Amino acid sequence: MKKFTDCDGLAVPLDRSNVDTDAIIPKQFLKSIKRSGFGQNLFDEWRFLDTGEPGKENLHRKLNPDFVLNFPRYQGARILVTRDNFGCGSSREHAPWALQDYGFEVIIAPSFADIFFNNCFKIGLLPIVLDSKVVEKLIAQIQATEGYRLAINLEAQTVTTPTKECYHFDVDSFRKHCLINGLDEIGLTLQHTDKIKLFEQKRQSEQPWLFI
Amino acid sequence: MKTLYDKLWEAHVVHAESDKPDSTVLLYIDRHLVHEVTSPQAFEGLKLAGRKPWRTRSILAVADHNVPTTNRKNGISDPTSQLQIETLDQNCDELGITEFKMNDLRQGIVHVIGPEQGATLPGMTVVCGDSHTSTHGAFACLAFGIGTSEVEHVLATQCLVAKKSKSMQVLVEGVLGKGVTAKDIALNIIGKIGTAGGTGYAIEFAGNAIRSLSMEGRMTLCNMAIEAGARAGMIAVDDTTIDYIKGRPFAPKGQMWESAVNYWRTLKSDEGAVFDCVVTVNAAEISPQVTWGTSPEMVTSIEGSVPDPESIFDLSKRNDVESALKYMGIKPNTPIQAIYLDKIFIGSCTNSRIEDLREAASILKGKRIADNIKLAIVVPGSGLVKSQAEQEGLDQIFRAAGFEWREPGCSMCLAMNDDKLLPGERCASTSNRNFEGRQGPGGRTHLVSPAMAAAAAVAGHFVDVRLIH
Ligand code: SF4
């Protein structure tokens with residue numbers, strides 16, 4: 001997994017709640033058997049005016065000038081600030097892959113859908129939950145200030161604004177440890193191989209029907 | 001005093017980081033269901049790391065999302081879909097994983113075939129790279145969707161790194177009205193608690209209305225738990241559960257069956273067990289439901305109307321409703337019954353089982369779809385559901401009514417194959433998501449029960465199925 005170092009980057013507001021994984025990466029792009037290359041079709045139906053198909057070159061497609069990610073001032077953004085229940089819908093990890101591939105390192109929202117939230121940590125994309133009032137304020141400030149940047153410090157668990165307002169966020173200690181060190185979770189789990197085997201043997205003797 | 005969720009959780013903890021109730025644990029996985037869309041990168045990762053599946057026999061694989069629902073003999077016309085399915089076939093063949101290939105009679109939607117085969121058994125942890133894995137909770141399983149990295153993790157270790165959720169009990173008491181189904185209960189609950197209402201929770205559905213549901217109905221309900229934001233939905237074991245499983249190919253037999261049943265009977269919440277949150281619903285008050293917007297919580301009853309954004313005080317809510325109505329092409333205050341349709345889709349892991357098809361067929365018998373309906377399709381959940389329906393003559397009823405009778409798969413639930421809406425087209429769908437573009441770019445989806453979809457097909461617009469019943 002990619003190591004998460006601190007992030008100091010341009011922020012972009014996506015002022016909608018319930019942004020679902022179908023919107024983040026439409027299903028026609030899920031046919032790829034690769035893990036990379038999804039960024040060019042992130043939010044495809046919102047970013048482009050025509051319908052995207054796998055293999056279609058973005059160069060020749062018409063951008064939707066009204067979609068926030070297309071505003072010149074937000075080019076190169078690394079932090080997405082959005083509303084409640086971000087990432088709801090399917091379990092597709094293609095959604096976090098697409099966000100990361102596009103260049104995002106941090107997503108800030110008042111709440112996330114469970115599976116999406118989980119998936120982000122597996123690839124080194126950091127989802128941060130902040131109070132909805134704080135998110136409200138951040139969105140307003142980003143919209144009002146060109147070049148608005150946020151500094152994220154994972155070690156200290158803080159988000160700092162350009163005017164040095166500092167917000168604390170919670171993160172599970174195990175996940176934090178994995179992110180900071182870029183640890184391979186499978187490798188970590190396999191350190192418990194003996195325990196897993198023991199558990200399995202016991203289970204098989206107690207509930208043999210699970211093993212037929 | 002333990003909840004069903006407590007029992008399922010505790011029975012699968014291999015290792016806990018600490019004694020705290022919210023400790024990160026290694027959770028053992030009994031059944032791993034695999035499909036073609038979320039697995040290729042996991043198999044590749046496994047191979048690159050030089051690892052092998054931990055327990056091949058725990059895995060059951062099937063291609064469902066991409067498969068065509070017509071002319072299967074001609075193969076798959078879309079080369080990218082074909083490559084994805086071939087990749088699954090290859091991975092399964094290479095590793096010795098049981099897979100129902102596209103032309104196998106047992107092929108179908110992953111959440112239909114697991115229970116149908118008896119591969120989903122009470123007390124199991126069931127995972128799949130698909131959010132609607134919650135379906136299997138109908139069998140008192142702890143079942144939930146996972147991402148591709150986790151698919152690889154389960155392949156390699158038979159475990160997941162997990163943290164316990166909070167518990168919610170949804171109590172549905174009372175008798176459902178005639179023509180009102182599990183789908184209506186699900187949509188009603190989501191309308192009540194919202195699509196994020198269940199976030200952070202595992203939901204147990206209980207109450208006498210739930211006990212009266214068939215296994216098909218229970219699966220529909222647990223299937224939609226994810227649309228309420230919950231990680232998992234589950235229902236305690238009773239005779240209905242046990243009767244359904246008996247004699248299925250993967251189910252235990254003989255002496256083993258007896259001991260299994262004895263254990264399964266313990267899979268219910270203890271009297272007096274405490275939940276973090278309880279929601280109660282009166283079944284008798286539920287009318288047939290229809291969604292009008294672009295999120296399953298944007299739902300009302302068949303007697304209702306579409307809301308008026310002007311009357312919504314909360315600004316961000318008002319924006320959501322406004323943009324949903326704009327996308328859906330519906331004016332504020334429109335009565336649901338005045339919404340006319342272009343297409344009808346009966347299928348998906350929510351509503352494509354035999355009972356669903358029987359329900360729809362009972363409405364369609366001797367009738368024809370309205371002239372304004374351009375296409376109406378039935379996509380059975382599996383090859384076995386399809387052949388059962390054919391034995392009962394349901395296919396004839398559907399065909400005579402003007403429906404197309406298709407091959408099993410996900411089809412227009414997510415439109416990864418050729419079955420999709422064209423921009424602006426409006427569809428009554430028995431699936432589970434009405435997100436923008438879900439059934440095809442620019443397509444407009446209204447979620448309903450199979451009976452309501454059938455009634456709408458005949459009328460050309462939404463009607464109250466209770467008046468037909
Ligand atoms: S039928 Fe729809 S919801 Fe169910 S698994 Fe297939 S795509 Fe997902």
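A short reminder: the numbers here are calculations on the coordinates, not readings from a lab. Since this is a predicted model, take the numbers as computed values, not measurements. Ideal geometry is used to build each Cβ from the backbone, glycine not excepted, and the neighbour counts take in all protein chains shown.
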Handout entry: For B:ASP130, A:ASP194, order by how many other beta-carbon atoms lie within 10 Å, fewest first
Key = A:ASP194, B:ASP130
Problem - Expected 222 nm ellipticity per residue - DSSP helices of 4 or more, -39500 (n - 2.57), all of chain B, to 500 - result: -9000 deg cm²/dmol
Completion exercise
In whole Å, largest first, the alpha carbons of the range B:237-334 cover along the principal axes 64, 34, 25
Completion exercise
Here the gain from full extension of B:THR70 to B:VAL278, 0.36 nm per residue of separation minus their alpha-carbon distance, amounts to 70.4 nm
Practice task
Kindly state, to the nearest 0.05, the FRET efficiency for A:LYS56 paired with B:MET1, given R0 = 51 Å and r defined as their beta-carbon distance.
Solution key: 0.30
Fill in the blank from the handout: By the Cα gyration tensor axes a ≥ b ≥ c (a/c under 1.5 gives rounded; else a/b larger than b/c gives prolate, otherwise oblate), the shape of the range B:1-145 is prolate
Problem - Candidate lysines - alpha carbon under 23 Å from B:LYS367, same-chain residues fewer than 8 apart omitted - result: B:LYS178, B:LYS343, B:LYS386
Handout entry: Neighbour-count ranking [beta-carbon atoms within 10 angstrom, fewest first] of B:VAL14, B:VAL151
Key = B:VAL14, B:VAL151
Completion exercise
With a ≥ b ≥ c from the Cα gyration tensor eigenvalues, square-rooted, and the rule rounded for a/c under 1.5, otherwise prolate when a/b > b/c and oblate otherwise, the protein assembly as shown is rounded
Practice task
May I ask you to list the trypsin sites (Lys or Arg not before Pro) in the range B:141-217 that are in a DSSP loop and have at most 11 other Cβ atoms within 10 Å of their Cβ?
Solution key: B:LYS178
Completion exercise
Here the FRET efficiency for B:THR334 versus B:GLU285, based on Cβ atoms and R0 = 30 Å and rounded to 0.05, is 0.80
Practice task
Using a/c under 1.5 as the rounded threshold, could you call the range B:154-276 rounded, prolate or oblate? The axes a ≥ b ≥ c are square roots of the C-alpha gyration tensor eigenvalues, and prolate needs a/b larger than b/c, oblate otherwise.
Solution key: oblate
Handout entry: Nearest 10 degrees, 0 to 90: helix A:114-123 Cα axis against chain A principal axis
Key = 90
Exercise for the section: Can you figure out the FRET efficiency of B:VAL13 with A:LYS197, using R₀ = 25 Å and their beta-carbon distance, to the nearest 0.05? Expected result: 0.95
Practice task
Neighbouring Cβ atoms within 10 Å as the yardstick, rank A:ASP44, B:ASP356, A:ASP170 fewest first.
Solution key: A:ASP170, A:ASP44, B:ASP356
Fill in the blank from the handout: Low-density loop chymotrypsin sites (Phe, Trp or Tyr not before Pro), the range A:37-137, at most 16 other Cβ within 10 Å, DSSP non-H/G/I/E/B, are A:PHE67
Completion exercise
For chain A, the longest principal axis of the Cα atoms and the Cα long axis of helix A:193-206 enclose an angle in degrees, to the nearest 10, of 60
Problem - Straight-distance crosslink candidates among aspartates and glutamates, where the alpha carbon sits under 16 Å from A:LYS197 and sequence neighbours closer than 8 are dropped - result: A:GLU206, B:ASP30
Handout entry: Karplus (6.51, -1.76, 1.60) ³J(HN,Hα), θ = phi - 60°, over the range B:128-145, in Hz, Gly and Pro reported as x
Key = 7, x, 6, 5, 7, 4, 3, 3, 5, x, 4, 9, 6, 9, 8, 10, 8, x
Fill in the blank from the handout: Taking 0.36 nm per residue of separation between B:LEU83 and B:ALA400 and subtracting their Cα-Cα distance, the length gained on full extension comes to 110.5 nm
Problem - Residue-count net charge about B:ALA273 - beta-carbon cut-off 14 Å; Lys, Arg +1, Asp, Glu -1 - result: -2
Handout entry: Computed over the range B:67-216, the ratio Rg/Rh where both radii use C-alpha atoms and Rh is Kirkwood
Key = 1.01
Exercise for the section: Could you list, in their original order, any pairs among A:LYS27/B:LYS183; B:LYS7/B:LYS47; B:LYS164/B:LYS268; B:LYS163/B:LYS192; A:LYS3/B:LYS47; B:LYS20/B:LYS317 whose Cα atoms are separated by more than 29 Å? Expected result: B:LYS7/B:LYS47; B:LYS20/B:LYS317
